[in-house]
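Before any comments, here is the structure.
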Amino acid sequence: MAGVRPVFYVSDGTGITAETIGHSLLTQFTQTRFVTDRIPFVDSVERAREVGEKIRVAAESYGVRPVVINSCMDTEVSSALAESGALMLDVFAPFIEPLERELEQTRERRIGQAHGMVDFDTYHRRINAMNFALTHDDGQSIDYDDADLVLVAVSRAGKTPTCVYLALHYGVRAANYPLTEEDLEHDRLPPRLRPYRNKLFGLTIDPVRLQQIRQERRPNSRYAQLETCKREVAAAEAMFRAERIATLSTTNTSIEEISSKVLTTLGIHREMF
């Protein structure tokens with residue numbers, strides 16, 4: 001392993017754009033463990049210098065040069081951030097000059113301008129999808145009539161973050177259902193899921209990785225024992241095979257990749273916001 005590298009997603013808005021692009025880039029470098037921090041609303045030189053000090057502290061703490069993935073529009077703010085000594089990656093820089101040449105106009109450096117291009121219908125669809133995901137998280141509500149899709153998996157296999165990502169980035173109403181020990185006693189779908197079979201997608205995970213995740217949540221519990229994880233994963237995979245439910249392992253797969261695979265497999269065509 002090449003060690004640990006601190007990464008900061010810095011933006012004059014929410015930072016979601018910088019984080020999304022940055023995460024996609026970092027997944028290409030598997031020999032480094034990245035410690036990430038999203039810092040939103042850096043919209044003044046003074047605030048940028050405060051953030052720069054935090055970046056310098058991280059450099060001293062980790063003993064390596066931090067990476068800053070920056071989506072701030074104000075060049076003075078970006079310059080102030082660069083004083084930290086970090087590797088600066090501007091997510092817009094590679095595209096601005098070619099666009100200026102092609103459109104024969106100079107960009108207007110306005111903070112938050114990207115968000116102004118989203119119409120209210122799109123915004124409300126995302127919010128409604130997010131509310132749906134939260135309401136239907138971990139089987140809290142099992143009325144899936146209005147769901148676009150339902151993710152099915154054992155506990156802690158990546159259902160919730162995927163549903164949230166699908167809601168925020170695609171406006172997709174994604175629910176998730178956690179397979180219980182009772183469900184896993186059989187190799188057939190639980191009765192409550194059968195009416196929604198065409199909306200189902202199964203997630204699986206390496207049992208060792210699952211044990212690590214569960215150990216962080218409930219240390220030294222039966223729930224976190226490796227044998228429990230092995231048994232549950234094996235039973236879930238057997239169910240998916242018997243029912244011919246499309247399945248994907250989340251072990252080494254990013255949320256972006258999981259989401260894309262789910263949408264493609266279920267034939268849901270939705271542009272990313």
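The values are calculated or read from the model by the stated rules, or taken from the named source; none is laboratory data. In this text, all values refer to a predicted model and were calculated from it rather than measured experimentally. No Cβ is skipped: glycine too gets one built from the backbone with ideal geometry, and neighbour counts run over all protein chains shown. These accessible areas exclude ligands, DNA and RNA; they are computed on the full protein's heavy atoms, side chains included. Shrake-Rupley method; radii C 1.70, N 1.55, O 1.52, S 1.80 Å.
Given Cβ point charges of +1 (Lys, Arg) and -1 (Asp, Glu) and nothing else, what value in debye, to the nearest 20, does the dipole of the chain about its Cα centre take? Walk me through the numbers on the way to the answer.
On the way: 33 positive and 39 negative charges, 195 e Å.
Result for the chain is approximately 940 debye, rounded to the nearest 20.
Can you pull the Kirkwood radius for region 11-161, inverse mean 1/r over Cα pairs, to one decimal in Å?
On the way: mean 1/r = 0.0543 Å⁻¹.
Every distinct Cα pair counted, the radius reaches 18.4 Å.
Only Lys, Arg, Asp and Glu count, each charged at its Cβ (+1, +1, -1, -1), so figure out the dipole size of region 18-95 about its Cα centre, rounded to 20 debye. Let's see the in-between values first.
Details: 7 positive and 11 negative charges, 72 e Å.
Charge dipole, region 18-95, about its Cα centre: 340 debye, nearest 20.
Name the residue farthest towards the positive end of the dipole of the chain from the options 249, 133, 48, assuming +1 on Cβ of Lys and Arg, -1 on Cβ of Asp and Glu, about the Cα centre.
Ranked along the dipole, the leading option is 249.
Straight-line reach from residue 159: which lysines have a Cα under 16 Å away, not including same-chain ones fewer than 8 places off?
List returned: 199, 261.
Counting only protein heavy atoms, what percent of the accessible surface of the chain is carbon or sulfur at a 1.4 Å probe?
Values: 7670 of 15500 Å².
It is 49 percent, rounded to a whole number.
Would you mind working out the accessible area per residue for the chain, using a 1.4 Å probe, and quoting it in Å²? Display every interim value, and only then the final one.
Values: 15500 Å² over 273 residues.
That works out to 57 Å² for each residue.
What is the dipole size for region 140-273, taken about its Cα centre, with +1 at each Lys and Arg Cβ and -1 at each Asp and Glu Cβ, in debye to the nearest 20? Walk me through the intermediate numbers first.
On the way: 19 positive and 18 negative charges, 31 e Å.
Using only the charged Cβ atoms, the result is roughly 140 debye.
Which whole-number percent gives the relative contact order of the chain, counting Cα pairs below 8 Å spaced six or more residues apart? Please list the in-between numbers first.
On the way: 427 pairs, mean separation 39.6, N = 273.
Once divided by the residue count of the chain, the mean separation gives 14 percent.
Given a Förster distance of 51 angstrom, what is the FRET efficiency for residue 99 paired with residue 64, based on the Cβ-Cβ distance and rounded to 0.05?
Working: r = 34 Å, r/R0 = 0.66.
Computed FRET efficiency for residue 99 and residue 64: 0.90.
Taking 8 Å as the Cα distance limit and 6 or more residues as the minimum spacing, I'd like the relative contact order of region 1-90 as a percentage.
Values: 163 pairs, mean separation 33.7, N = 90.
Computed over region 1-90, the figure is 37 percent.
May I ask you to compute the full-extension gain from residue 208 to residue 123, defined as 0.36 nm times their residue separation minus their alpha-carbon distance, rounded to one decimal in nm?
Details: separation 85, 0.36 × 85 = 30.60 nm, distance 3.92 nm.
Extra length from residue 208 to residue 123 when fully extended: 26.7 nm.
Which residue, chosen from 268, 39, 151, occupies the Cα position most advanced towards the positive end of the dipole of the chain, where the dipole is computed from +1 (Lys, Arg) and -1 (Asp, Glu) charges on Cβ about the Cα centre?
151
Considering just Cα atoms, how many Å³ per residue does the convex hull of the chain enclose? Walk me through the intermediate numbers first.
Values: hull volume 42.3 nm³, N = 273.
Cα-based convex hull of the chain, divided per residue, equals 155 Å³.
Each label point is 7 Å from the Cα along the Cα-to-Cβ direction; what then is the distance between the points at residue 244 and residue 36, in nm?
With each label point 7 Å from Cα toward Cβ, the separation is 3.7 nm.
Taking the Cα centre of the chain as the origin and placing charges on Cβ (Lys, Arg +1; Asp, Glu -1), which of 203, 11, 106 is farthest toward the positive end of the dipole?
Farthest towards the positive pole: 203.
In nanometres, what is the gap between the two model label sites at residue 79 and residue 192, each 7 Å from Cα along Cα-to-Cβ?
Once both label points are built, they end up 5.9 nm from each other.
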